[in-house]
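Notes for the one structure printed next.
The values are calculated or read from the model by the stated rules, or taken from the named source; none is laboratory data. Everything numeric in this text was worked out from a predicted model, so none of it was measured. Cβ placement follows ideal geometry from the backbone for every residue including glycine, while neighbour counts extend to all protein chains displayed.
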Amino acid sequence: MSSILQVDNLVKHFNGVQAVNGVSFSIERGSCFGLLGPNGAGKTTTVEMLEGIITPTRGDVRYKGEPTGVAFRQEAGIMFQETSLQEFIRVGETLELFSRFYPRTRPIDELIERCALGEFLDRDVRRLSGGQRQRLLLAIALINDPQIVFLDEPTTGLDPQARRNFWQLVNDIKQEQKTLVLTTHYMEEAYELCDEIAIMDHGKIIAQGSPRALLKKHFDHSVICLPANEVPESLDQDAQLKLHRINGQVEILSEDINASIQQLIAQKVPLTHLQIRSRTLEDLFLELTGRELRS
């Protein structure tokens, strides 16, 4: 597998603020690359430079080894986080409109079937549900049969069922050996879809690799979860249990589940509602970027 997009020392300043500070990575053909980060981390600015929407202050973006230009614009598809569609036209008419913008397109009937739009072709785009609208926007992003597709927080605001249906569409696209660049705030989404992720904070990449490899590198313990009202506050200072209270729950980071449970039993903590889970990508995200609220 070879690189389709190479990013070298990307820097972007806005009015004296350094939004992106020396970001470098490459994206392999046929893979899904996820760019994650809290608000203000620089990921949106980075993606907009990759897409050619804004110009870097310094650094290079190369597509198939060459500076991005006409070939890239013809072979890239973009699904923006927010897209304004022409009003007072129907879904089928919208697809026909966008197909006229490119010299080479995929058959519209194929896109209709792939994105499950057949039932809504005569519906005004203003009357689409959130999931239907996102499927239409995905079809628009695919209409020029792109080699690389940018998905900017594509499932924001969707209910769990619509989100998982959209994930299946993305996996279907991956099977065509398309390259995907995904930004998302849903860690489960990144874990399910991405072959590689880069976590950004303060304009820099602070971790990069496959989701499983990153979890294995950073964590060697599991989490015991209990309702906070069932765990005496006197245990908060117990150095062996490593107890944290958060959102009405107590989380215990444990390298030895059996030993931790024996300690809880010895302290007469009820275990009726005990749960044990592995560390997740969300745990890693919070550990690396912190828990402070970002504006």
Condition first: assigned to a helix (DSSP H, G or I) and under 20 Å from GLU176 (Cβ atoms). Now tell me which residues in segment 121-152 satisfy that. GLN134, ARG135, LEU136, LEU137, LEU138, ALA139, ILE140, ALA141, LEU142
Among (1) of a type in the set (Phe, Trp, Tyr); (2) over 15 Å from the mean Cα position of the chain (by Cα); (3) more than 24 Å from GLY290 (Cα to Cα), which single condition is PHE219 missing? (3)
With criteria (1) in a helix (DSSP H, G or I); (2) within 27 Å of MET49 (Cα to Cα); (3) without any contact (Cβ under 8 Å) to a residue 60 or more places away in the chain; (4) in contact with a Ser or Thr (Cβ under 8 Å, 6 or more places away or on another chain), THR155 comes up short on (1)
Search segment 256-286 for residues being within 30 Å of LEU36 (Cα to Cα) and in contact with a Ser or Thr (Cβ under 8 Å, 6 or more places away or on another chain), and hand back the single one that is modelled with the highest pLDDT. ILE276
Requiring at least 2 residues that are at pLDDT 95 or above, of a type outside the set (A, V, I, L, M) and crowded, with 20+ Cβ neighbours inside 10 Å, the strands (runs of 3 or more DSSP E) wholly within segment 1-99 are 32-36
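Looking at segment 207-295, what strands (runs of 3 or more DSSP E) fall wholly within it and have at least 3 residues that are crowded, with 16+ Cβ neighbours inside 10 Å?
On the way: elements: 222-227, 243-246, 249-254, 275-278.
Those strands (runs of 3 or more DSSP E) span 222-227, 249-254.
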Given the conditions (1) farther than 20 Å from GLU176 by Cα; (2) buried (at least 19 other Cβ atoms within 10 Å of the Cβ), and given that GLY118 satisfies all but one, which numbered condition is not satisfied? (2)
If you check every pair at least six apart or on different chains, which have Cβ atoms under 8 Å apart with a residue in segment 80-91 that is assigned by TED's automatic domain parsing to the domain that holds THR45 and over 13 Å from LEU137 (Cβ atoms) first and a residue that is assigned to a loop (DSSP other than H, G, I, E, B) and modelled with pLDDT of 85 or more second? ARG90/LEU121; ARG90/ASP122; ARG90/ARG123
Going through (1) under 21 Å from LYS43 (Cβ atoms); (2) under 15 Å from the mean Cα position of the chain (by Cα) one by one, ARG164 fails only at (1)
